[in-house]
Amino acid sequence: MSINRLEHTVIKNDHLFQAWKREESLAELESFLQFNWEQRSIFYEDRNPNTKQQFIKFLSHGDIKTHNYVGTITFNGEKLNIFPKVFRPLSVQCSDENLSLKHLMDNIVQWLEYCNRISYPFINIFGELSDSKDFLDLFITLYINMVLDAIDRGIYYQYEEETEDCKCIKGKFDVKDYFISKIPGGEYDRFSCTYSNFQADNMVNRIIKYTCMLLLNAASDKNSLKIRKIINKLDEVTFVRCVPQDCDNIRLSKMHRKYYSILNLSKMFLSNKTSTFDA
């Protein structure tokens, strides 16, 4: 069940979901929104100095008022869709309930078409995104198409340090290990060496592979096929559990700047995996 409302409109307590009406539930909702407000820099930087959440105002008598943000809030199994005021009905007799999530999704896609902050790898972004059933599906579509575009141009390779016992010296030779471990053990022809190997099995691709595996169950059938294609292309990449902080530790050269957008979206998905993406 969902409620559709415009920006800056009051929702009376009587019109709220049953699961949201109680004072305790509203307090939990406010805490939930406050947590998301504090984490918003994961998604965008609005330079808003306010430390208190700005998504919804909590009024007296259990009423709430939509504030300066649009989107979908899912809490306690219910969904509140907040639409931009551009969707205000022409007739004052027309109810906000006539608005559907499809209206919002189509316009979000149109806005993304002329967004100049990210270079989307689509000939027709509207055609790719217009079938998205919700915001999660839209972000998944953006993500996997950006990843596919990057991989099709060439899988990301970088130098990774490896340490192993070799029969001949290469890279940096561990002299101490040779005299303390190898000679006493009779392994005169074994040398512990550390060297750099140019390979696809690096942290960038591990993050992408883990994120794709994470999204597989939440993706539409069409997106699932693309995700499996990505996973197959990254077959030689080790599957390891990744966390949002791993994305912050990546340093990329200017020629790989497109991967910044991919890593930002990866961090968004990884940050929300514990809440099944509803946050």
Checklist entry - Would you pick out the residues in the range 234-275 that are assigned to a helix (DSSP H, G or I), closer than 15 Å to I155 by Cα and in contact (Cβ under 8 Å) with a residue 12 or more places away in the chain? => result H256, K258, Y259, I262, L263
Item to check | Odd one out for L104 among (1) open to solvent by less than 20 Å² (accessible area, probe 1.4 Å); (2) modelled with pLDDT of 70 or more; (3) over 20 Å from I230 (Cβ atoms) | outcome: (2)
Checklist outcome for this item: Selection from the range 25-79 of residues assigned to a loop (DSSP other than H, G, I, E, B), open to solvent by less than 40 Å² (accessible area, probe 1.4 Å) and either over 30 Å from I262 (Cβ atoms) or in contact with a Phe, Trp or Tyr (Cβ under 6 Å, 6 or more places away or on another chain) (or both) yields Q53, F55, D63, H67
Checklist entry - Across the range 128-163, which residue is nearest to the chain's Cα centre (by Cα) among those that are open to solvent by 80 Å² or more (accessible area, probe 1.4 Å) and not polar (S, T, N, Q)? => result K133
Next on the checklist: Please go through the range 191-200 and give me each residue that is of a type outside the set (F, W, Y) and crowded, with 17+ Cβ neighbours inside 10 Å, ordered by number.
Outcome noted: S192, C193, A200
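Conditions tested, residue by residue: (1) farther than 24 Å from L252 by Cβ; (2) in a loop (DSSP other than H, G, I, E, B).
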position	(1), (2)
K176	yes, no
G186	yes, yes
D189	yes, yes
T194	no, no
D201	no, yes
N205	no, no
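The values are calculated or read from the model by the stated rules, or taken from the named source; none is laboratory data. Given the structure is predicted, the values throughout are model-derived calculations rather than measurements. Don't worry about glycine lacking a Cβ; one is built from the backbone with ideal geometry, like all the others, and counts go over all protein chains shown. The area values use the complete protein model at the heavy-atom level, side chains included, leaving out ligands, DNA and RNA. Shrake-Rupley method; radii C 1.70, N 1.55, O 1.52, S 1.80 Å.
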